[in-house]
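So the structure is just underneath, and the comments pick up after that.
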Amino acid sequence: MSELVKVEHLHKEFGKNVVLKDINLSVEKGEVVVIIGPSGCGKSTFLRCLNGLEGIEGGIVYVDGLPVEPESKDIYKIRQKIGMVFQYYELFPHKTVIENIILSPMKVQKRNRDDAVREAIELLDKVGLADKKDYYPRQLSGGQKQRVAIVRALIMHPDVLLFDEVTAALDPEMVHEVLQTMLELAKNGSTMIIVTHEMAFAKAVADRIVFFDQGDIVEETTDVKGFFEEPSTERAKKFLKTFAYE
Amino acid sequence: MHSLGIDVLLKGTNMLRLLKGLWVSVEISLISVVISIVLGLVVGALMTSKNKLLKAFLRLYLETVRIMPQMVLLFIVYFGSTRVFGLNITAELSAIIVFVFWGTAEMGDLVRGSIKSIPKIQYDSAYALGMGKFQVYYYIIFPQTIRRLLPLSINLVTRMIKTTSLVMMIGIVEVLKVAQQIIEANRRSSPNAAFGVFAVVFLLYFIVCWPITRLATSLEKRWE
């Protein structure tokens, strides 16, 4: 078995507030895991623990066999294996699209500029934004910014991609273009861990559904279709009901 | 219409004296501004530190500077300290000390505000790309901080230039003082000189400060 991400007994608290308790999860290479659950259930925090943006109080996270420890020197190397896309894009506002994308390949991976630019344009072309390469983020729509953010993560050739509610801040008509990009990544065999509230998308893209509630994994299944038709836990049932209108 | 009294400035070396006075004002503010910016960057960075004692101390410093009129500070340093501490400092140096004391606090607060205004998640998104601490600050945080800081600090510079008009109170002959001297010396021959001469002084301040504020506005627009 090729476990790319392995989480064992992860425990996370902010002060006295326990956010994640005893989480165990493994993600295999090429797998698309979708995490759903009510707001404040700890799913975003969980993602941030995977690349060490948050420290953890107990347990351990491995990525590609290496322990993720925010204070360790290796953390910068490990983070290169993990791409992350955020809810509010978080492009660097003082840099153009192309500069946003090539900064890390050049400065972190020490690739030469021509090579980085060439790949950046290739990737931008795939998401239909090659003509926007010299724009500043403020000149782009939300959906365009988010696709640039995805390209910025991809150019680092990460082993796994984390998506933290990447469509939650977008206008409905822009959600589709971003999700389409993600679906293509999934088809091409990318390993992805996705936190989302888009249930139809979750159903379409997921190899496995993980349902979080109150800092705990309540339900986990590879029977994606079955989960959305008839989840086995009461809490998941209740949660899915909030998306249905009768 | 009465004479505007500008003709006084054409007599003898009056205009030259006025310009020399202006240079004194500009010189004092220039020296103070440069030192204040350097120290302000340090103080501002310290203001964002996690050390509570240090933060409280710097807060107190800033509040003190804000509450105290600059003129009182000038009097304390120039008249007060010379006697109490037996220091023999010139009026110009006293002025620079006061302006640096004031400018550092204000600049520090601007720096603090600019650093704080960068959302935490900008750091996260840079770290998530594998950047080290130095790279995050050098490529992401500082460039954004400077862009927010520059227009604000330029406004502080013009405020400092204008406030130099106070230093004549400790005997420095700067532009306003020269203007007064010219007016008084010509009180009989041109009683209207007050209007003309002060109008020219106003114009001189304007000529110095206006390009600076224009610069601030255009930078603000470019980086908005």
Per-region count, the range B:128-138, residues assigned to a helix (DSSP H, G or I) and open to solvent by less than 50 Å² (accessible area, probe 1.4 Å): 3
Looking at (1) surrounded by fewer than 19 Cβ atoms within 10 Å (Cβ to Cβ); (2) within 14 Å of another protein chain (Cβ to nearest Cβ); (3) on the phi > 0 side of the Ramachandran plot, which is the only condition A:Ala169 fails? (3)
Select from the range A:192-216 the residues that are under 14 Å from A:Val27 (Cα atoms) and open to solvent by 10 Å² or more (accessible area, probe 1.4 Å) and list them in ascending order. A:Ala206, A:Asp207, A:Arg208
Just name the residue that is most open to solvent (accessible area, probe 1.4 Å) out of those in the range A:69-100 that are of a type in the set (A, V, I, L, M, F, W, C) and more than 10 Å from chain B (Cβ to nearest Cβ). A:Ile98
Here is a list of conditions, (1) open to solvent by 30 Å² or more (accessible area, probe 1.4 Å); (2) without any contact (Cβ under 8 Å) to a residue 60 or more places away in the chain, and A:Val148 meets all of them except one; can you say which number that is? (1)
Considering only the range A:25-68, how many residues are away from chain B (no Cβ under 14 Å), open to solvent by 20 Å² or more (accessible area, probe 1.4 Å) and in a loop (DSSP other than H, G, I, E, B)? 9
Please state which one of B:Ser114, B:Ser125, B:Ser190 is open to solvent by less than 20 Å² (accessible area, probe 1.4 Å), within 14 Å of chain A (Cβ to nearest Cβ) and in contact (Cβ under 8 Å) with a residue 40 or more places away in the chain. B:Ser114
If you scan the range A:180-201, which residues turn out to be among the acidic types (Asp, Glu) and closer than 17 Å to A:Glu3 by Cα? none
Looking only at helices (runs of 4 or more DSSP H) that fall completely inside the range B:1-89, which ones have 3 or more residues that are surrounded by 14 or more Cβ atoms within 10 Å (Cβ to Cβ) and under 25 Å from the mean Cα position of the chain (by Cα)? B:14-47, B:52-67, B:70-75
How many residues are over 22 Å from the mean Cα position of the chain (by Cα) and either closer than 19 Å to B:Gly132 by Cβ or part of a helix (DSSP H, G or I) (or both) if we restrict to the range A:100-121? 11
Return only the number of the condition from (1) more than 30 Å from B:Leu219 (Cβ to Cβ); (2) under 31 Å from the mean Cα position of the chain (by Cα) that B:Leu176 does not satisfy. (1)
Can you tell me how many residues in the range A:101-110 are facing chain B (nearest Cβ under 9 Å) and either in contact with a Ser or Thr (Cβ under 6 Å, 6 or more places away or on another chain) or open to solvent by 20 Å² or more (accessible area, probe 1.4 Å) (or both)? 3
Checking the structure you have, find out if any residue of the range B:149-170 is more than 22 Å from the chain's Cα centre (by Cα) and in a helix (DSSP H, G or I). no
Given B:Thr145, B:Thr104, which one is more than 12 Å from chain A (Cβ to nearest Cβ), within 31 Å of the chain's Cα centre (by Cα) and crowded, with 21+ Cβ neighbours inside 10 Å? B:Thr104
Please specify each residue of the range B:90-101 satisfying the condition of being among the hydroxyl-bearing types (Ser, Thr, Tyr) and either buried (at least 21 other Cβ atoms within 10 Å of the Cβ) or part of a helix (DSSP H, G or I) (or both). B:Ser94
Do any residues in the range A:219-246 that are free of Cβ contacts under 8 Å to residues at least 12 places away in the same chain have Cβ atoms under 7 Å from those of residues that are surrounded by 12 or more Cβ atoms within 10 Å (Cβ to Cβ), where the two are at least six apart or on different chains, and which pairs are they? A:Lys237/A:Pro231
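The values are calculated or read from the model by the stated rules, or taken from the named source; none is laboratory data. Bear in mind the structure is a predicted one, so any value in this text is a computation, not a measurement. Neighbour counts are summed over all protein chains in view; Cβ atoms, including those assigned to glycine, are modelled from backbone coordinates with ideal geometry. For accessibility, only protein heavy atoms count, side chains too; no ligands or nucleic acids. Shrake-Rupley method; radii C 1.70, N 1.55, O 1.52, S 1.80 Å.
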